[in-house]
Amino acid sequence: MASEGVVSYLEEMPRRPPPGLPTRQQILDFIASSATSAGKREIARAFGLHGNEKIQLKALLKDMADEGLIDSAPGRAFHKMGGVPKVTVLRIVDIDDSGQAVGVPDIWHAETPPIRLRVIEHGKRGAALAVGDRVLARTEEAGKGWIAHPMKKLARGEEQVLGVLHEEGDTLWLKPVDKRERRELMVSDAGDAQVGDLVLAEKAGRPPRITARVTERLGEPFAPRSFSLIAIHKHGIPDIFSEETIAEAVKVAKLPLGEEREDLRHLPIVAIDPADARDHDDAVWAAPDDDPANAGGFKAIVAIADVSFYVRPGSELDRSARKRGNSVYFPDRVVPMLPEQLSADICSLKEGADRAALVCHLVVSPDGTLKSWRFARSVIRVAANLAYEDAQAAIDSVAPAEAGAAGEKNTAGEKLPAAPASAGATELIETALKPLWACWALLAKARDKRAPLELDLPERRVVLDEKGRIVSVAARERLDAHRLIEDYMIAANVAAAKALEAKKAPVMYRIHEPPSREKLTALKDYLDTFGISFALGQVIKPETFNHLLDRVGERDERPQIMEQVLRTQTQAYYGPANAGHFGLALGSYAHFTSPIRRYADLLVHRSLVGAWNLAPAVGQTRLPAEDETAFGRIGEAISAAERRAMEAERETLDRYVAAYLSTKIGELVDTRITGVQPFGFFATVEGLGGDGLVPVSTLGREYFRYDEASQALEGEETGMRYTSGMKLKLRLAEANPISGALRFEVEGAEPSLRSPQGKRSDRIAPRRGRPTNIRHSNRRK
């Protein structure tokens with residue numbers, strides 16, 4: 001009787017092939033040397049196998065796949081495990097600085113990370129490849145790597161759908177998380193995913209029968225932290241650092257600060273940030289100027305983490321940061337641009353720790369304008385990390401006139417009682433906070449004279465408990481402390497742009513162009529519906545919109561008009577050609593103050609280091625020549641990354657709002673109409689946000705006329721009007737945390753019989769054309 005060890009050994013031994021069949025090594029050699037795809041048919045033909053031998057070959061190939069020797073997708077060619085087929089579908093995942101496309105196999109079964117292939121575009125006929133493209137390509141090993149030669153460009157990754165599995169009867173359905181996707185998809189292959197799982201799936205088939213095949217299981221969609229995970233996967237946000245990047249972060253964190261730095265450790269510099277901030281990348285200091293030529297003025301310092309000293313051009317850290325473009329902030333997590341060894345530790349300006357900083361020295365005149373500035377690499381020791389609320393409470397504990405602050409008021413204009421100040425903030429009132437507020441009073445005076453765009457739009461804040469569950473969703477309070485830091489940062493950003501212009505050095509400007517004629521015309525038409533005049537012939541400045549909102553006053557429509565003014569503005573972006581910043585009313589502006597979380601700021605730091613010879617390590621940390629010539633392309637890439645982050649953050653907030661409201665289904669809520677369309681109107685919950693649809697089919701049995709000019713729906717029988725900006729109570733009919741979608745109903749309205757809402761209507765292609773109980777009007781007033 002065989003011992004347990006012998007049995008185990010025999011079970012683990014590769015089984016010998018029957019006589020006549022090739023050995024495992026012969027099959028591997030054939031697959032590696034074959035100039036064409038090597039499927040079961042090709043292997044059988046190469047070794048002269050017939051009849052029963054083909055059946056035995058099939059079993060042998062299955063054994064080899066189970067043993068991890070080869071891999072294949074069903075019905076496709078075999079290839080050596082860890083390699084790729086001779087002809088395969090690749091997905092483009094990166095375009096490097098030289099324009100070289102990099103792809104990975106669209107399907108990868110191995111447990112190891114997928115092989116990355118350089119995609120050689122011969123002749124580059126047609127449009128160049130972009131991230132997300134799929135190509136059919138011939139592949140080959142080249143030295144220590146792989147290259148691919150595209151044969152055909154395939155349909156883009158629209159077939160990738162993020163959704164949740166649910167079951168009805170014996171059928172699995174995929175409910176997409178994107179609220180713009182109204183149809184559910186029947187699942188043809190769920191893989192190892194279970195009902196209720198959040199999954200990535202690929203569309204297959206042709207209309208009207210489109211199905212979904214699950215490609216990746218992501219987990220439980222309602223678990224804490226899953227709402228941000230949905231956005232991360234949907235938008236392809238890189239959220240995992242490579243081992244090489246982490247190792248490099250650990251290594252550079254040990255770099256000595258250098259002896260050539262300006263020593264500012266004697267100054268009570270403070271960092272004022274959100275209470276839960278982990279990456280403190282800016283700190284400030286101010287004092288009355290002792291120069292008689294600037295009597296009544298101030299000296300100020302804006303100290304910024306010297307990230308360029310640690311993240312050097314061409315390094316793994318640099319490549320990773322450029323690909324990410326910025327940090328992404330969700331209620332339940334931060335996806336940082338830099339590993340935590342840098343972002344939350346050695347680059348973070350922590351209280352009591354010596355830190356490398358790139359410092360902007362400002363001289364502020366009595367009228368708040370900047371008399372001069374200079375930049376230096378310094379070592380600082382932050383006196384305190386203060387939350388905005390603590391800094392505000394400390395300054396409110398002294399006389400507002402003495403501190404230069406107006407104090408905080410509620411929505412009725414009444415002065416709010418000051419919150420108790422923290423001990424750390426109280427100790428710094430005389431030495432740090434009062435001078436900061438006094439200098440800010442001058443900067444605020446200059447800002448008011450400049451008259452930048454003032455849009456007081458509330459920012460939503462989601463509060464979670466320690467388990468990641470929602471405690472509350474509310475508008476974020478805006479304090480004078482927020483405005484103070486904002487004005488110091490703007491001053492430093494202006495100084496950075498002008499300092500680089502003085503040296504004719506490259507500048508990655510933050511550009512905000514004036515509104516287009518088309519958008520201004522649309523705004524005029526919109527304002528006409530409220531009886532508010534707006535002259536198109538005038539010179540448009542930011543204060544033009546401020547004066548407009550002053551005329552609106554406290555009308556019910558004010559929030560909606562403010563949002564329309566915001567939509568009239570252009571999207572800010574990064575680029576090397578200066579076009580000014582319209583919203584801030586500034587001629588030259590660059591981002592300098594947040595290099596931990598924005599790649600644009602890191603580029604500005606490098607340019608300052610080279611242009612002004614800021615030691616130490618100038619040669620290793622300055623902007624390289626190849627980046628100077630590529631500023632336009634880099635600006636486009638980081639602008640796209642910023643838009644991606646903004647959309648992901650907004651969608652995640654909507655999901656949290658929907659989750660918060662999901663316990664209030666059937667209740668009446670206070671809402672405001674934000675938009676009207678022929679098919680219904682959209683409304684937002686006052687004080688919470690989120691956007692929900694009231695379908696016109698739920699408004700009753702009468703016909704509703706849509707007036708495009710006034711953006712209104714009007715009942716033909718009752719004359720009932722639903723207009724943008726209108727406040728009303730609506731019944732919450734649906735709140736979907738997965739998609740972030742809300743749906744409301746008008747209380748007491750009977751659904752139209754002309755638009756039946758079938759149970760499965762969301763699984764069929766929507767009909768084209770307008771709803772049956774709508775009459776469309778294009779009349780202008």
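Annotations for the structure displayed:
- Qualifying residue in the stretch 407-420 (condition: modelled with pLDDT of 80 or more and open to solvent by 20 Å² or more (accessible area, probe 1.4 Å)): no
- If you go through the stretch 533-554 and keep only what is touching a residue at least 24 places away in the same chain (Cβ under 8 Å) and either open to solvent by less than 30 Å² (accessible area, probe 1.4 Å) or in a loop (DSSP other than H, G, I, E, B) (or both), you end up with I540, K541, P542, F545, N546, L549.
- Scanning the stretch 219-254 for residues that are assigned to a loop (DSSP other than H, G, I, E, B), open to solvent by 60 Å² or more (accessible area, probe 1.4 Å) and not acidic (D, E) returns F222, P224, R225, I240, K254.
- Of the residues R731, R705, R754, R701, the single one that is modelled with pLDDT of 85 or more and surrounded by fewer than 18 Cβ atoms within 10 Å (Cβ to Cβ) is R705.
- Failed criterion for K124 (all others in (1) out of contact with any strand residue (DSSP E or B) (no Cβ under 7 Å at 6 or more places or on another chain); (2) at pLDDT below 75; (3) not in a loop (DSSP other than H, G, I, E, B) hold): (3)
- Restricting G666, G689, G610, G635 to residues that are of a type outside the set (D, E), buried (at least 18 other Cβ atoms within 10 Å of the Cβ) and at positive phi narrows the list to G689.
Conditions tested, residue by residue: (1) exposed (fewer than 12 other Cβ atoms within 10 Å of the Cβ); (2) over 26 Å from A38 (Cα atoms); (3) at pLDDT 85 or above.
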residue	(1), (2), (3)
V131	no, yes, no
A137	no, no, yes
A190	no, yes, yes
G196	no, yes, yes
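The values are calculated or read from the model by the stated rules, or taken from the named source; none is laboratory data. Quantities reported herein were computed from a predicted structural model and do not represent experimental measurements. No Cβ is skipped: glycine too gets one built from the backbone with ideal geometry, and neighbour counts run over all protein chains shown. Quick note on the areas: whole protein, heavy atoms, side chains included, nothing else; ligands and nucleic acids left out. Shrake-Rupley method; radii C 1.70, N 1.55, O 1.52, S 1.80 Å.
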